[in-house]
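Just so you know, all these numbers are worked out from the coordinates, no wet-lab data involved. Here the structure is a predicted model, which means the values were calculated and not measured. Here the Cβ positions follow ideal geometry from the backbone for every residue, glycine too, while neighbour counts run over all protein chains shown.
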Amino acid sequence: MDTNQVANSLLMHRGAEADLYLSKVGPWKAVLKKRVEKKYRQKDLDAWIRRERTLKEASMLGEARKAGVRTPSVLKLDPEEFSFTMALIPGKLARDNLDTMKPRAREGLFEDLGHQVGQLHHRGIVHGDLTTSNLIISEENIAYMIDFGLANYSLEAEDRAVDLHLLKRSIVTSHNFGTEKCFKALSKGYTASLGEREAVSVYKKASEIARRGRYFAIR
Ligand SMILES: Nc1ncnc2c1ncn2[C@@H]1O[C@H](COP(=O)(O)OP(=O)(O)OP(=O)(O)O)[C@@H](O)[C@H]1O
Ligand SMILES: [Mg+2]
């Protein structure tokens, strides 16, 4: 999609670094994510950063999918336009949906999500911004991870723990349901896919992070 097509597309969301447009690839609904210019950066450097981040995000989405994580598939990549196009995931953001879900369905969703995060970590990837604003819940109550803009390769327990911690923190701070059963279900799924030994070392780090008080303490 070239710049003109962007101009004719429907703006869905204006993010911190990118604009997202409703788009189409063949008959399929799609989302185009285009990194916008930052005037405070020197022009060439800015273009380089936006190209690199576009390439990295698209590649991380692809890697996560290969690991069996539910993410939108990348349909087009256009680094020279600082954009990529991905499949549209129909559903609602977890942020807007979790509170009204039935408790059983919510617990099931968290176990499955734990499983997915475990698969992602097993593949050596951390999401980096795992919050309820970066999860879409489909009509079948299945979670899809989006926004791999801060994803990285890491096998470090600390980086993995940050993913779990951010997710829990985003739930505790902005949601209104009993979290105990959901967090248990999350851990169950995570342990099942990452394996007991590695999962335990991540939980230890997550408690350390909470204790250090860098973030809110979460039990
Ligand atoms: N594949 C997709 N299918 C459906 N909606 C999507 C998809 N990708 C992104 N969105 C919508 O666009 C919003 C912003 O996407 P994303 O989080 O990737 O951008 P961002 O630039 O990181 O935004 P922010 O800075 O607000 O986090 C999402 O919250 C979601 O509502
Ligand atoms: Mg986001």
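I need the peptides 40-47, 28-35, 113-120 ranked by packing, meaning the mean over residues of other C-beta atoms within 10 angstrom, with the highest value on top.
Highest mean packing first, the order is 113-120, 28-35, 40-47.
Projecting each Cα onto the charge dipole of the stretch 3-87 (Lys/Arg +1, Asp/Glu -1 at the beta carbon, about the Cα centre), which of Val36, Pro72, Leu20 comes out farthest on the positive side?
Pro72
Suppose every Lys and Arg Cβ carries +1 and every Asp and Glu Cβ carries -1, with no other charges. What dipole size does the stretch 92-212 come out with about its Cα centre, to the nearest 20 debye?
Charge dipole, the stretch 92-212, about its Cα centre: 380 debye, nearest 20.
Can you sort Arg50, Arg70 by how many other beta carbons sit within 10 Å, fewest first?
Neighbour counts put them in this order, fewest first: Arg70, Arg50.
Any idea which of Ala157, Met145, Leu135 is furthest toward the positive side of the dipole for the stretch 107-180, if Lys and Arg beta-carbons carry +1 and Asp and Glu beta-carbons -1?
Farthest towards the positive pole: Ala157.
Using θ = phi - 60° and the Karplus relation 6.51 cos²θ - 1.76 cosθ + 1.60, list the HN-Hα couplings for the stretch 187-204 in order, rounded to whole Hz, with x at every Gly or Pro.
4, 4, x, 5, 4, 4, 8, 8, x, 3, 5, 5, 4, 4, 5, 5, 4, 4
Using modelled backbone amide H atoms (1.01 Å from N, in-plane), which distant-in-sequence or interchain residues come within less than 5 Å of Val25's amide H?
Ala30
In nm², what is the average projected area of the convex hull enclosing the Cα atoms of the chain? Could you put the intermediate results ahead of the total?
Working: hull surface 50.6 nm².
For the Cα atoms of the chain, the hull's average projected area reads 12.7 nm².
Using θ = phi - 60° and the Karplus relation 6.51 cos²θ - 1.76 cosθ + 1.60, list the HN-Hα couplings for the stretch 92-108 in order, rounded to whole Hz, with x at every Gly or Pro.
10, 4, 3, 3, 9, 10, 4, 5, 9, 6, 5, x, 4, 5, 5, 5, x
How do Thr179, Thr131, Thr71, Thr54 rank when sorted from fewest to most other Cβ atoms within 10 Å of their own Cβ?
Taking fewest neighbouring Cβ atoms as first place, the list is Thr179, Thr131, Thr54, Thr71.
Need the full-extension length gain, Lys66 to Leu45, defined as separation in residues times 0.36 nm minus the C-alpha distance. One decimal, nm.
4.4 nm
Are there chymotrypsin sites (Phe, Trp or Tyr not before Pro) in the stretch 168-212 that DSSP puts in a loop and that have at most 15 other Cβ atoms within 10 Å, and which ones?
Those satisfying the criteria are Phe177.
Rounded to whole Hz and in sequence order, give me ³J(HN,Hα) for the stretch 56-67 from the Karplus expression 6.51 cos²θ - 1.76 cosθ + 1.60, θ = phi - 60°, writing x for Gly and Pro.
5, 4, 4, 5, 5, 4, x, 4, 4, 4, 4, 6
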